[in-house]
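Visitor: I have a structure I would like to understand better, so I am pasting it below and will then ask my questions one at a time.
The values are calculated or read from the model by the stated rules, or taken from the named source; none is laboratory data. From a predicted model like this one, the values you see are computed outputs, not experimental measurements. Neighbour counts run over all protein chains shown; Cβ positions are idealised from the backbone, glycine included. Protein only, heavy atoms only, side chains kept; ligands, DNA and RNA dropped before computing areas. Shrake-Rupley method; radii C 1.70, N 1.55, O 1.52, S 1.80 Å.
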Amino acid sequence: ETNNWYQTETHKELKSEGRELEDAYCVPDVDRAIGKKMVTLMLNCKGKSAASRVFNEWINQKNDGKNDNASDEEVVLYEETLKATGIKQDKFNLWLINSMLDKHHRIKDYLLKGKLAGQIIQWAEANLIHHLAVYFQDCCGFPVLTVYDEFIVPEEEQPMIKEFMFTTSTECEICDYYSLMGQIKSL
């Protein structure tokens, strides 16, 4: 939407510099894991009530290792987050959703649009990552593997790849031609 990366440092780098709140998933007094889960739901659920309901199901159902429910550690983080914010449990989800919408006001029209929107965004991200991997392999001459939104490269090449990934053109005519990103706002 902005033609710029929202974040160019890792959470660990931001935290070490005292800039943790610049992380895309961080808002004051909310553990990053809780914020990240809510943003993920906001990318895949249609409406605030659906995101809130799925979050409640995630945090309240026991994780038996066979499902994607919150781990015991995430439940503890959630309880600590409730205490830190002072927000009652029945108001927390809406407060967190609104906090994330405020933080990401430039892309709010892409959030809470449902599963199809989430799949379109995942498709665009995968194409971006694969486009960059092919570019790096072609121009640098070493293998570049991908795992979701990360690159696996020779360790000595990591600083260069990190720098280049934020400055290299990510335009792909084929991806742009078939992209459905423009359809999300009307979902």
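Visitor: For region 142-169, give me each residue that is touching a residue at least 24 places away in the same chain (Cβ under 8 Å) and not hydrophobic (A, V, I, L, M, F, W, C).
Guide: D149, T168
Visitor: Go through region 161-187 and count every residue that is touching a Lys or Arg at 6+ places or on another chain (Cβ under 9 Å), of a type in the set (A, V, I, L, M, F, W, C) and assigned to a loop (DSSP other than H, G, I, E, B).
Guide: Qualifying residue count for the region: 1.
Visitor: Which ones in region 1-34 are hydrophobic (A, V, I, L, M, F, W, C), open to solvent by 50 Å² or more (accessible area, probe 1.4 Å) and in contact (Cβ under 8 Å) with a residue 60 or more places away in the chain?
Guide: W5
Visitor: Within the bounds of region 90-102, is there any residue that is modelled with pLDDT under 95, closer than 30 Å to S179 by Cα and open to solvent by less than 50 Å² (accessible area, probe 1.4 Å)?
Guide: No, the conditions are met nowhere in region 90-102.
Visitor: Give region 169-187 a look and list any residue that's surrounded by 14 or more Cβ atoms within 10 Å (Cβ to Cβ) and not hydrophobic (A, V, I, L, M, F, W, C), or say none.
Guide: Once the filter is applied, which keeps residues that are surrounded by 14 or more Cβ atoms within 10 Å (Cβ to Cβ) and not hydrophobic (A, V, I, L, M, F, W, C), region 169-187 yields T170, S179.
Visitor: Still on this structure: Go through region 140-168 and report how many residues are more than 21 Å from the chain's Cα centre (by Cα) and either exposed (fewer than 11 other Cβ atoms within 10 Å of the Cβ) or hydrophobic (A, V, I, L, M, F, W, C) (or both).
Guide: 9
Visitor: Oh, and also: Checking C139 against (1) part of a helix (DSSP H, G or I); (2) within 18 Å of T2 (Cβ to Cβ); (3) free of Cβ contacts under 8 Å to residues at least 12 places away in the same chain, which test does it fail?
Guide: Exception for C139: condition (2).
Visitor: Tally time: how many residues in region 87-111 are within 17 Å of F55 (Cα to Cα) and either without any contact (Cβ under 8 Å) to a residue 40 or more places away in the chain or assigned to a helix (DSSP H, G or I) (or both)?
Guide: Number of matching residues: 15.
Visitor: Going by the structure shown, is K115 open to solvent by 100 Å² or more (accessible area, probe 1.4 Å), in contact with a helix residue (DSSP H, G or I) (Cβ under 6 Å, 6 or more places away or on another chain) and of a type outside the set (A, V, I, L, M, F, W, C)?
Guide: So K115 fits the description; yes.
Visitor: Of the numbered conditions (1) under 27 Å from M181 (Cα atoms); (2) in contact with an Asp or Glu (Cβ under 6 Å, 6 or more places away or on another chain); (3) among the aliphatic types (A, V, I, L, M), L77 fails exactly one; give the number of that condition.
Guide: (1)
Visitor: Exactly one condition in (1) loosely packed, with under 12 Cβ neighbours inside 10 Å; (2) in contact with a Cys (Cβ under 8 Å, 6 or more places away or on another chain) is false for N127; which is it?
Guide: Checking N127 against (1) loosely packed, with under 12 Cβ neighbours inside 10 Å; (2) in contact with a Cys (Cβ under 8 Å, 6 or more places away or on another chain), the one that fails is (1).
Visitor: Here is a check on your reading of the model: is K37 surrounded by 13 or more Cβ atoms within 10 Å (Cβ to Cβ), among the basic types (K, R) and in contact with a helix residue (DSSP H, G or I) (Cβ under 8 Å, 6 or more places away or on another chain)?
Guide: yes
Visitor: When region 40-58 is examined, which residues are found to be in contact with a Leu (Cβ under 8 Å, 6 or more places away or on another chain) and open to solvent by 20 Å² or more (accessible area, probe 1.4 Å)?
Guide: L43, K46, G47, K48, S52, V54
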